[in-house]
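To start, the structure under review is shown below, and the notes come after it.
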Amino acid sequence: MADAPAVLSIRNLSVALPEGGDRDYAVQGIALDVKPGETVCLVGESGSGKTVVAHSVIGMLPKALPVVDGKLRFEGRELPPQRSKAYDSLRGLKISLIFQDAVASLDPVQRTGRQLEEILAVHGVARRARFKRALEMLEAVGLPDPARIYRSYPHQLSGGQAQRVVIAGALLLSPKLLIADEPTTALDVTTQAEILGLLARLKKERGASVLFITHDFGIVAEIADRIAVMKDGEIVEFGAANTVLDAPEHPYTRRLLAAARKSAAVRESRSSQPVLEVDDLHLTYRTGGLLSRKSVHAVKGVSLRLEAGRTLAVVGESGSGKSSMARCILRLEAADSGAIRFRGEDITSLTGTRLRALRKKIQFVQQDPYSSINPRQRILSAIAEGPIIHDAPRREAEAKAADLLETTGLSAVAGRRYPHEFSGGQLQRICIARALALEPELLIADEAVSALDVSIQAQILDLFRSLQSKFGFAMVFITHDLRVARSISDDILVMKDGEVVESGLAARVFDAPAHPYTKALLSAAPDIASRRTAEAA
Amino acid sequence: MTAYILAKLFRAAATLLIAVSMVFVFIRFSGDPAAALAPPDAPQEVIDQYAEAMGLNKPLWQQYASYLAGLARGEFGYSIHTGRPALELFLERLPSTLRLGSAALLIALAAGIPLGSFAAINRGTRIDRFAMAFSVFAFAMPNFLFGLCVILGGALIFQVYFGGTDASVLPAALTLGLAAMGSFARFARSSLLETINAPFMRAAEARGVPYMRRLAFHAAPNAAIPLVTLIGLSLGALIAGSVVTEQVFGWPGVGQLLVRSVATRDIATVQFIVLAVACTMVLVNLLVDLLYLVIDPRIRSR
Amino acid sequence: MESSRPRIGPPAIPWSIRLSVCFICLFVLFALFGEFLSPYGFRETSMFDRLLPPGSPGYVLGTDARGRDVLVRLAVGAQITLIVAIAGTLIGAVIGSLLGIVAAARRGAVEHVIVAAIDVQASLPIIVVALFVLAMFDNSFTLFLLLVGLTGWEVYARLMRGATLSVKERGYVTAVRALGASPARIYLRHILPNIFNVALVQFTINLPLTVLLETALSFLGLGVQPPLTSLGQIMSEGRDRLLTAWWLTLFPGAVIFFLALSVSLCGDWIRDRLDPTLRSET
């Protein structure tokens, strides 16, 4: 390893944060190198400084984040100072950077082809050669009908297609180093697998090195040659992939890995009478004005059955109709047809006070904890609001709210504060406390851990499990993440395009999936447990 | 795209119809519409004929229908002030107003947009602060005060009276354009700032596109899209401003005609001008919506 | 437990805002008590003291063509301007905001009607509407106040409709609905407090516009009618003597300008302090 000269070498890099932040440095004492043809994964949770490292390499750190120390060398030569003009001839030609949101990183009013040709133009490729090369590159990234994509505007592409176009642009001039900043985070799991495979193939074909930034250890396990783990602006562990994954030295790495591995033993099944039954549920959204009416058939004949105290995980990619189904069960959305029965009672068309009385029994935890609590309401009053609505005396409700704060792992004094004073994980605990204040029999959690960092995710999942055994509610847990589904569910329901493609006991579905889509999902999900080589993809 | 065009056409037609209907309701309930619309000094028989023709003794919806039919035939009534058709009076004044308005718009665009863009590019500097201070000044300055100051300045410094029928269009156009100039500057600044900070600008930088090229080829076209709306909106402010500005400078335009007609209660003329303003605004906003089709591919493929 | 988002302390207030607040306070005091600064009544004429320049004995700001004291007339004019500005702005804010919220809350036909009304108003400059109505009805102070009050109602309606629609979709409203809250509780406790800022910011933009419309109409002689007076009307009386008696136009003009300037500076400042995300329209 030591013999090959590094493509990129970072020595002792420190970048200051503006005064008044929660720490003095965005990153501190970073030492990292990337060798030819190698994939180095820079992994860490949000706020750990991964992106600052990426931007410093390509010279795009803003003035507010000055480099105070350290050397950045690329192919043995020192890189120019941040934001200097000299970078124009490096970026896109020698070093490329791709961002998380591909659609947003393309100019919305220019055809994609022109944007690719622009890269060739600014780096001095002759006019005549440009069209052909852009088209060839679009073909090389596996886009169907490259000529059509060439003429398309960014908004006409899907997220996966746009990311392929962006990758085409990044590799157009065969740069020596590709920096990829969470390039698949915004994509569905099957698309993610395709993009990861594409990156691995192109990297090999074009002899580039990759600095891959991610928060997801599943991806890391799949593609990394070496791994650098970042925490609070510092690299806490850096080494060969196998070493870091199999024998992590730093406690933080161990914690992250444990959280990611938590595919815990599938829970044993008990059986009792059904809490929730759904029969042939349909939902269509209608939008648009008088002349441009559009309709989307979001839920197409879903049926399910959930017994008391059990957890049903509903798994599917974005647009599969899983959230729409949840909104129907919660009666936030009126179903077109079908029946929803709660404890044997048909609740499909309850209205007025009877509907409001039902809400006490079915509660809801949403994806984004930041927007789920009224910013002008104190925490205690937010938690106590449910019981107060259902006619509990204020003092009793608030005492109960204070209890629940402690049960969910916060201190009772937190109740006096406002939502903006809490972190995402803490807010999600508060949302769970608010839902439980009504002592529901059914809890619906819609992507309730998706917005959280992986170590926080594990904590919240633990909280769900312990609260469930304490209070005994049944749970519908909606998620796109198979690892999360596996760790929490008794039963599982896989959805695609508004329909159920497979359902059954979690253990059975995970070990012996019957439907091809379930198989595809399972094999696409990056997983540490089954580490494959990047070349295989 | 067809749906978009149809929706916009429908909306424009509906807006215009509602505006016309409200004018009808006001005229119908404000006094004797026959006397208001008949030629001045007409004998009672003629007024009665008008009342008959307008069907004032028929049910309201029939009156409304014949009112619409009348407008469609181009019957806009006569001015009590001069005894001439309202349309004729309006057309006579229109060229002056168009000259003043277009000069003002031109001044506002030519000065406001570069000022705002320059401020955005040099954000946080002295230029930026100056541009923002100027836009607040332009917003708060009443055009009658500014106009009087211009006239006073002209008289004291150049010994020229800037008002009147034969005066140069410049001083009046500057007065009228001042407010629009301020809002163009402010809007151009915020639009360009938003674009400059958009993710695709960072991405273009990461692809090695040089600074000036990023500004010219990516920031400018994207920032121009919302500006088109503003030009449509500012037309209303220009029309409103021209009423006052023409009065201050004694400019012989439609605004002056409107003020005089209101003062003399010349209903037919006032009615016509209101309808003309509504038509112009609706048409311009329709044009702006259609222009979007040309400049914004996202709307084109809807 | 540490908070993850650092709290930002109260920022320093720039001198331009301090000056603006001072001017607004002075203006209000002058409108309320300015009459007592002068021994004369605002309608009191004097044949011998016509067109005296500022600084003349007994007349600090001079006199007009009928020998009336400019100082006391300015105070009375400021009073009227203040009343019209505040009452008028409130009328527009309340009517517009209510319509906007109702449109977003009811959807369906009600919303279509309100949106159509917004479109119509947006295609007719308020000064043209005001002139049209004034041509047909007898000018009274009440009618004038109502007309001026309608300035910008459609902007409130549009903004509040957008804000209500966007807040309605926020997670906390969904959560409170799922708790079983009644619509009244949802609107009063959770939606209104979160969209109030939008109306407040628009209020500061609209107030100067109302002042400018009132003074412009009065300047045209179609607004506040004698014997009452307003700043715009005083200016229009002086405009034919611009060269000989500049104080008749420039003093009230300066007051109008600085009032509009101060209010919009404060408005900008408030807008920067408040949550800007709510202003994103649908």
> Rg to Rh for segment A:463-529: what is it, with Cα atoms only and Rh by Kirkwood?
Replying inline: 0.99
>> Let's see if you can work this out: charge +1 on each Lys and Arg Cβ, -1 on each Asp and Glu Cβ, no other charges. What is the dipole magnitude of chain A about its Cα centre, in debye to the nearest 20?
In response: 1020
>> I want the local charge near C:Ala105. Using Cβ-Cβ distances under 12 Å, sum +1 for each Lys or Arg and -1 for each Asp or Glu among the other residues.
In response: +3
> So what does C:Phe219 come to for accessible area, using a 1.4 Å probe and Å² rounded to 10?
Replying inline: 10
> With every protein chain in place, what's the accessible area of C:Trp246 (1.4 Å probe, Å², nearest 10)?
Replying inline: 110
> If the cut-off is a Cα-Cα distance under 18 Å, which aspartates and glutamates reach A:Lys71, setting aside same-chain residues fewer than 8 apart in sequence?
Replying inline: A:Asp33, A:Glu234
>> Suppose the Debye formula is applied to equal point scatterers at every Cα of segment C:134-192; what is log10 I(q)/I(0) at q = 0.14, 0.21, 0.26, 0.30 Å⁻¹?
In response: -0.57, -0.80, -1.00, -1.13
>> Give me the percent relative contact order of segment A:77-196, please, defined on Cα pairs under 8 angstrom at least 6 residues apart.
In response: 39
> Looking only at Cα atoms, what is the convex hull volume of the protein assembly as shown per residue, in Å³?
Replying inline: 212
> Looking at B:Ala72, C:Gly149, C:His190, which one has the Cα that reaches farthest to the positive end of the dipole of the protein assembly as shown (charges on Cβ: Lys, Arg +1; Asp, Glu -1)?
Replying inline: C:His190
> Nearest 20 debye, what's the magnitude of the dipole of segment A:119-265 about its Cα centre given +1 on Lys and Arg Cβ and -1 on Asp and Glu Cβ?
Replying inline: 740
> Got the relative contact order for segment B:163-297 handy, in percent, Cα pairs under 8 Å and 6 or more residues apart?
Replying inline: 29
> Once Lys and Arg get +1 and Asp and Glu get -1 on their Cβ, which of B:Leu233, C:Ala181, A:Val166 lies farthest toward the positive end of the dipole of the protein assembly as shown?
Replying inline: A:Val166
>> Test of understanding: what is the full-extension gain from C:Asp272 to C:Leu37, defined as 0.36 nm times their sequence separation minus their Cα-Cα distance?
In response: 80.8 nm
>> Starting from the 7 Å offset along Cα-to-Cβ, what nm value, one decimal, do you get for the label separation of B:Thr229 and B:Leu17?
In response: 2.6
> Using modelled backbone amide H atoms (1.01 Å from N, in-plane), which distant-in-sequence or interchain residues come within less than 5 Å of A:Thr311's amide H?
Replying inline: A:Met475, A:Asp490, A:Asp491
> Which links in A:Lys470/A:Lys519; A:Lys63/A:Lys94; A:Lys50/A:Lys94; A:Lys204/A:Lys322 stretch past 28 Å when you go from one Cα to the other?
Replying inline: A:Lys470/A:Lys519; A:Lys204/A:Lys322
>> Give me the residues in segment A:327-365 whose solvent-accessible area, probe 1.4 Å, is reduced by at least 40 Å² once all protein chains are included instead of the chain isolated.
In response: A:Leu332, A:Arg356, A:Arg359
>> Placing +1 on the Cβ of each Lys and Arg and -1 on the Cβ of each Asp and Glu in chain A, which of A:Gly352, A:Phe131, A:Ser503 has its Cα farthest towards the positive end of the resulting dipole?
In response: A:Phe131
> Can you give the Rg and Dmax of chain A based on its C-alpha atoms, in angstrom?
Replying inline: 25.4, 79
>> Taking 4 °C and 1.567 mPa s as the conditions, I'd like the Stokes-Einstein D for segment C:1-160 in µm²/s, using the Kirkwood hydrodynamic radius from alpha carbon pairs.
In response: 65
> So what's the projected area for segment A:347-484, the Cα convex hull averaged over all directions, in nm²?
Replying inline: 8.6
>> Suppose every Lys and Arg Cβ carries +1 and every Asp and Glu Cβ carries -1, with no other charges. What dipole size does segment A:393-537 come out with about its Cα centre, to the nearest 20 debye?
In response: 320
> How big is the Kirkwood radius of segment A:1-138, worked out from every pair of different alpha carbons and given in Å to one decimal?
Replying inline: 17.1
>> Could you order the peptides A:108-119, B:95-106 from most to least packed, using the average number of other C-beta atoms within 10 Å per residue?
In response: A:108-119, B:95-106
> Hey, what number do you get for chain A at 222 nm if only DSSP H runs of n ≥ 4 count, each worth -39500 (n - 2.57), divided across all residues, to the nearest 500?
Replying inline: -10500 deg cm²/dmol
> Nearest 0.05, what FRET efficiency do A:Arg23 and B:Arg99 give at R0 = 45 Å with Cβ-Cβ as r?
Replying inline: 0.10
> Which sequence of C:Tyr172, B:Tyr292, A:Tyr370 reflects their accessible areas, 1.4 Å probe, from the largest down?
Replying inline: A:Tyr370, B:Tyr292, C:Tyr172
> When only Cα pairs under 8 Å and 6 or more residues apart are kept, what is the percent relative contact order across chain C?
Replying inline: 23
> Using alpha-carbon positions, what is the distance between the centroids of segment B:178-230 and segment C:231-266, in Å?
Replying inline: 38
> How large is ³J(HN,Hα), in whole Hz, for each residue of segment C:100-110 in order, when computed from phi with the Karplus curve 6.51 cos²θ - 1.76 cosθ + 1.60 and θ = phi - 60°, using x for Gly and Pro?
Replying inline: x, 5, 4, 4, 6, 6, 8, 6, x, 4, 4
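The values are calculated or read from the model by the stated rules, or taken from the named source; none is laboratory data. Just so it is clear, the model here is predicted, and its values are computed rather than measured. No Cβ is skipped: glycine too gets one built from the backbone with ideal geometry, and neighbour counts run over all protein chains shown. The protein model used for the area step is the full one, side chains on, heavy atoms only, and it has no ligands, DNA or RNA in it. Shrake-Rupley method; radii C 1.70, N 1.55, O 1.52, S 1.80 Å.
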